[in-house]
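Before any comments, here is the structure.
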Amino acid sequence: MILIQVTARAPGKVILFGEHAVVHGKPAIAVAVDRLAHVTLTGRTDSIIRAEISRLGVDGYLNLENETINTQGYQIEVGLLKYVLKALKAVDHRTEPGTGLDVTVDIEMPVASGLGSSAAVTVATLAAASKYHQLNLKPKAISSLAHLVELEVQGAASPIDTTLSTYGGVIYLSPDVQEIVRLPIDWDLPLVIGHTRRQGNTGELVESVRLKKESYPSVINPIFESIQEVTEEARNALLEKDENKLGELMNINHGLLDALGVNTPALSRMVYLARQKGALGSKITGAGGGGSIIAYCPEKMDEVISELQKEEQAFPVKLRHEGVTCNVIE
């Protein structure tokens, strides 16, 4: 029996505009960033599937047939193994059963931070499993399967995260959530991530906004419409490289997200500190309730990072044009 090792790497993302509204059929703009999830599959001589996320202290065993996870650890970190399990299951049913694997996951981004860690892990797992089993799934199939995995685990999810982890670059998701347009952005998007210690729960936050929409449709629907207008204006600002307009629109988008109830005092403090230190725009990125903010800093990046690091974790990110990649060692 020849054992092989496959490693796949998929980027995380930040949403520039349109989070939460995108779940309700509105457009969004997001970019892939150079913080990656690495998933390595190594063949075993038995049928056991062992999974490890060493950086998070998670180690356990996956049963694809019963779809169970036997491990200990913090709930959110262990929760990442649900995506690994479902992704392996999605590929396993296309292959002969009984293949044992050691699964090693390494993540270069904070978990539950709005940076798409679950999507990156899911896409990397699917790509690695596809290559390991010699299925060679195309990017379109990987992106589609990854979105289905996120839907199954979270209950509701936009395809934007899994699309960016698969393809990289900058994308605009159309209002009908059917057309994904790659935006030809050839200039730097100097962004700073500010990350809080409190972790948000995407599924719970998406559900809370849905319930608000059901309870107050005449209030919440206009907020979604305003977020759509901001996103459309931002698309033009990106294409025209209008830095001041881009920053202003980020600030407006943050206020609308605050109105949806997904802001926190810690996130708000970082948003305003970033602006005070020279960021042209700053806002929540992702679901909120904790997690991260982004600050657009074409000139004052060092000052913004230094100030945010007095409060929380902060680091720069770069646009990553390349999506998921894979290599095999036999």
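Nothing in this text is a laboratory measurement; each read-out follows from the coordinates by a stated rule. Everything numeric in this text was worked out from a predicted model, so none of it was measured. All Cβ positions, glycine included, derive from the backbone under ideal geometry; neighbour counts span all protein chains shown.
Tabulated data for the structure shown
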{"item": "Relative contact order %, the chain, counting alpha carbon pairs below 8 Å whose residues are six or more apart", "result": "26"}
{"item": "222 nm mean residue ellipticity, helices alone, for the chain (DSSP H n ≥ 4; -39,500 (n - 2.57); rounded to 500)", "result": "-13000 deg cm²/dmol"}
{"item": "Nearby aspartates and glutamates by direct alpha-carbon distance to residue 140 (threshold 18 angstrom, same-chain neighbours under 8 apart not counted)", "result": "150, 161, 179, 322"}
{"item": "Integer Hz, Karplus 6.51/-1.76/1.60 couplings in order for the stretch 219-228, x for Gly and Pro", "result": "8, 6, 4, x, 5, 4, 5, 5, 4, 4"}
{"item": "Mean-position separation - Cα centroids, the stretch 173-209 and the stretch 10-62, in angstrom", "result": "14"}
{"item": "Positive-end residue of 264, 317, 294, charge dipole of the stretch 191-317 with Cβ unit charges", "result": "264"}
{"item": "Cβ-placed point charges (K, R +1; D, E -1), dipole of the chain about Cα centre in debye, nearest 20", "result": "140"}
{"item": "Shape category assigned to the stretch 237-330 from the gyration tensor of Cα positions, a/c cut at 1.5", "result": "prolate"}
{"item": "Test item: Cα-centred dipole of the stretch 191-317, Lys/Arg +1 and Asp/Glu -1 on Cβ, debye", "result": "360"}
{"item": "Contact order relative to length of the stretch 191-317, as percent, for alpha carbon pairs under 8 angstrom and 6 or more apart", "result": "40"}
{"item": "Packing rank of 195-201, 248-254, 9-15, where each peptide gets the mean count of other beta carbons within 10 Å, highest leading", "result": "9-15, 248-254, 195-201"}
